[in-house]
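Written below as C-alpha cells is the structure these notes are about.
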Amino acid sequence: MHITLQKKSPAVKKQDPPTKILIVDDHPSVREGLALRISLHDDLEVCGEAESEDEALTLVQKTQPDLVLVDISLRSGHGIELIKRIRAFDPKIRMLVISGFQESLYAERAFRAGALGYLNKQESNDKMIEAIRTVIAGEHFLSPEIRRRLINQALKTSDLTKTPIEQLTDRELEVFRMIGEGLTTSSIANRLFLSTHTIDTHRENIKRKLALNSAAELSRTAVQWLLENG
C-alpha cells in the first residue's frame, strides 16, 4: 500500500495592521491631499480628520490613532496646545507637525510640547512618508539646521541669550501671531477658548518682553513680524 504524503503549505505570516493616522489641519484641501498621499501606502491608514483642537481630541479618544499629523494653525485652538493635550491623554501616541510656518519659528516649541518631528508642507511626498515612518518608529525627524539650533539652545544657560521673540511663551507667541493677522482681543479669546481678560494679560506681557509702549506699536510690530516670518 502506497501512502502519499502531502506537503504542508508554508505558514502565511500574519500581516501587521496598518498604522492609524489622524490628520489635523484647518484647510479641507490640505487634509484631502495628505490623505491621498498616505493612501498610496498599504501599511498606513487615515482613521480620521479634524480641523480644530477640540474636534481632534474627540477623534483621538474615539479612534486611538498611532500617529497624529498636526498643523500649527487650526480653526479653533492651537497646534502646540493640542500636542500637549494629546501627550497628557496618551504619551504613546506619536505626533508629527506638518505646517506652512517656518521650522525655525515653531519646531523647538513643538518638540518641547511632545512632537517627534516637524516638516514643512511643501516637502515632497517621499520626504513626508520618511518623516511619518521615522516618527512612528519613535525617533525624531528634523532638519540638520534645526538639529544644530536645538543643540546650541541646549547649551545656553540663560534666557539673556534668547531673542525677545524666543522669550515669549507658546501662548504669547500665538496671541502675537493673531494680533499680526488683525484679530481683535475678543476674536482671539474665542479662537483660543480664553477670556478677554486673559488675552489682555498676554498682550501686556508681550509688550513688556518686546519693549513696546502701546497697543498701536504692538499691532505694527506683530504685522511686520508676520509678513517676515509667515
Legend entry - Residue ID - farthest from Thr63 (Cα to Cα), chosen from residues in region 89-126 that are in a helix (DSSP H, G or I) and touching a strand residue (DSSP E or B) at 6+ places or on another chain (Cβ under 7 Å): Glu103
Legend entry - Selected residue [touching a Ser or Thr at 6+ places or on another chain (Cβ under 7 Å) and either surrounded by fewer than 20 Cβ atoms within 10 Å (Cβ to Cβ) or of a type in the set (Val, Ile, Thr) (or both)] from Ser187, Ser76, Ser124: Ser76
Legend entry - Residues that are charged (D, E, K, R) and surrounded by fewer than 17 Cβ atoms within 10 Å (Cβ to Cβ), drawn from region 86-114: Arg87, Asp90, Lys92, Arg112
Legend entry - Of all residues in region 53-82 being touching a helix residue (DSSP H, G or I) at 6+ places or on another chain (Cβ under 9 Å) and assigned to a loop (DSSP other than H, G, I, E, B), the one that is nearest to Arg133 (Cα to Cα): Asp66
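Of these, Ser52, Ser73, which one is at pLDDT below 90, within 29 Å of Asn190 (Cβ to Cβ) and among the hydroxyl-bearing types (Ser, Thr, Tyr)? First the steps, then the outcome.
On the way: Ser52 fails: at pLDDT below 90.
Just a single option satisfies the conditions, and that option is Ser73.
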Legend entry - Residue check for Asn120: over 14 Å from Val70 (Cβ atoms) and touching a residue at least 12 places away in the same chain (Cβ under 8 Å): no
Legend entry - Selection from region 13-50 of residues that are part of a helix (DSSP H, G or I) and either among the small types (Gly, Ala, Ser) or in contact (Cβ under 8 Å) with a residue 12 or more places away in the chain (or both): Pro28, Ser29, Val30, Arg31, Gly33, Leu34, Ala35, Arg37, Ile38, Ser39
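The values are calculated or read from the model by the stated rules, or taken from the named source; none is laboratory data. Because the structure is a prediction, the values reported are computed rather than measured. Cβ atoms come from the backbone with ideal geometry, glycine included; neighbour counts cover every protein chain shown.
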